[in-house]
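This report refers to the structure that appears directly beneath it.
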Amino acid sequence: MNKQPVVLVIGASRGIGFELVKQYRGDGAIVHATVRRADDAKALEALGAVTHELDVVSDASWSRFAAAIASLAFDVAIHNAGVGGPRQPGPPTRDDFDETMRTNVWAAMAMSPVVAPRVVAARGRLVIVSSRLGSIAMRDDGNFTTYRASKAAVNSVAKDAALTYGPQGAIVVAMHPGWVKTAMGGARADLDVADSVAGIRKTIAGLVADDNGCFLNYDGCPMRW
């Protein structure tokens with residue numbers, strides 16, 4: 001009899017994160033999901049998820065979360081938490097810069113030593129959600145400068161995690177979810193959230209050891225750094 005896979009989704013309140021929980025639960029997985037506010041837990045718990053309050057920019061919150069998951073082993077963990085950052089042209093304000101970098105980059109750094117060992121315990125897969133906009137090689141305009149810089153840094157964090165935890169048995173990748181119709185992606189995006197998540201899940205299921213440290217599109221195609 002196959003054991004139920006155990007999945008962790010960090011940043012599950014809405015959009016891609018919520019859909020990940022919905023689809024994994026629909027397939028019978030045990031799903032742990034993080035939310036920043038207690039009120040956001042209700043809809044996830046209605047799906048049968050186990051919820052954890054986690055403010056990804058708080059050291060104390062990461063410490064509490066680490067204690068809560070210390071005995072668990074995750075077959076799949078997906079770090080989905082992030083913000084879009086300022087969209088106006090020109091340099092960001094200091095506050096906007098700090099919020100974007102702390103939420104997108106520092107949180108991924110804080111996540112790795114907490115979550116990756118629990119993925120190693122299951123010889124599982126850790127996915128850090130990045131963006132095509134973080135690619136330097138594929139860049140063709142200078143918009144969304146702060147967000148692009150943050151996701152380029154996220155790719156670096158993912159690569160470091162792969163080098164650290166890959167030899168211990170995990171598979172760690174950075175993944176572009178596509179341009180998705182969410183609050184962040186907007187109504188003009190070309191991909192429905194359910195289709196993005198279905199592709200993400202299929203790609204995760206097909207990961208092999210040689211994929212460790214790669215930057216992949218949601219459909220499994222390699223992305224250029």
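Failed condition for Ala66, given (1) surrounded by fewer than 23 Cβ atoms within 10 Å (Cβ to Cβ); (2) more than 20 Å from Ala38 (Cα to Cα), with all others met?
Going through (1) surrounded by fewer than 23 Cβ atoms within 10 Å (Cβ to Cβ); (2) more than 20 Å from Ala38 (Cα to Cα) one by one, Ala66 breaks only (2).
Could you grab me the full set of residues in the stretch 150-183 that are surrounded by fewer than 21 Cβ atoms within 10 Å (Cβ to Cβ), at pLDDT 95 or above and among the hydrophobic types (A, V, I, L, M, F, W, C)?
Correct list: Ala152, Ala153, Leu163.
Yes or no: the stretch 15-25 includes at least one residue that is more than 20 Å from Ile171 (Cβ to Cβ), of a type in the set (Gly, Ala, Ser) and within 16 Å of the chain's Cα centre (by Cα).
Yes.
Quick check: is even one residue across the stretch 156-170 assigned to a helix (DSSP H, G or I) and charged (D, E, K, R)?
For the stretch 156-170, residues assigned to a helix (DSSP H, G or I) and charged (D, E, K, R): present.
Search the stretch 21-63 for residues being farther than 20 Å from Trp106 by Cβ and of a type in the set (Ser, Thr, Tyr), and hand back the single one that is surrounded by the fewest Cβ atoms within 10 Å (Cβ to Cβ).
Thr51
Any residue in the stretch 92-113 that is surrounded by fewer than 18 Cβ atoms within 10 Å (Cβ to Cβ) and among the small types (Gly, Ala, Ser)?
No; the residues of the stretch 92-113 include none that is surrounded by fewer than 18 Cβ atoms within 10 Å (Cβ to Cβ) and among the small types (Gly, Ala, Ser).
Can you give me the number of residues within the stretch 154-185 that are over 17 Å from Tyr218 (Cβ atoms) and without any contact (Cβ under 8 Å) to a residue 40 or more places away in the chain?
2
Looking for whichever is surrounded by 15 or more Cβ atoms within 10 Å (Cβ to Cβ), of a type in the set (A, V, I, L, M, F, W, C) and more than 26 Å from Trp106 (Cβ to Cβ) here; the options are Leu216, Leu191. Which one fits?
The conditions single out Leu191.
So how many residues does the stretch 1-29 have that are of a type outside the set (A, V, I, L, M, F, W, C), assigned to a helix (DSSP H, G or I) and either over 15 Å from Val56 (Cβ atoms) or touching a helix residue (DSSP H, G or I) at 6+ places or on another chain (Cβ under 7 Å) (or both)?
So the count comes out to 7.
Does Ala108 satisfy the condition of being modelled with pLDDT under 95 and among the hydrophobic types (A, V, I, L, M, F, W, C)?
no
Looking at Ser131 and the list (1) surrounded by 21 or more Cβ atoms within 10 Å (Cβ to Cβ); (2) of a type in the set (Ser, Thr, Tyr); (3) over 17 Å from Gly17 (Cβ atoms), which single condition is not satisfied?
Condition not satisfied by Ser131: (3).
Of (1) touching a helix residue (DSSP H, G or I) at 6+ places or on another chain (Cβ under 9 Å); (2) in a loop (DSSP other than H, G, I, E, B); (3) of a type in the set (A, V, I, L, M), Ala122 satisfies all except one. Which?
(1)
If you check every pair at least six apart or on different chains, which have Cβ atoms under 7 Å apart with a residue in the stretch 27-50 that is farther than 24 Å from Val83 by Cβ first and a residue that is surrounded by fewer than 17 Cβ atoms within 10 Å (Cβ to Cβ) second?
The qualifying pairs are Gly28/Gln4; Ala29/Gln4; Ile30/Gln4.
The values are calculated or read from the model by the stated rules, or taken from the named source; none is laboratory data. These numbers come from a predicted model, not from an experiment. Positions of Cβ are generated from backbone atoms using ideal geometry, with glycine treated the same way; all protein chains shown enter the neighbour counts.
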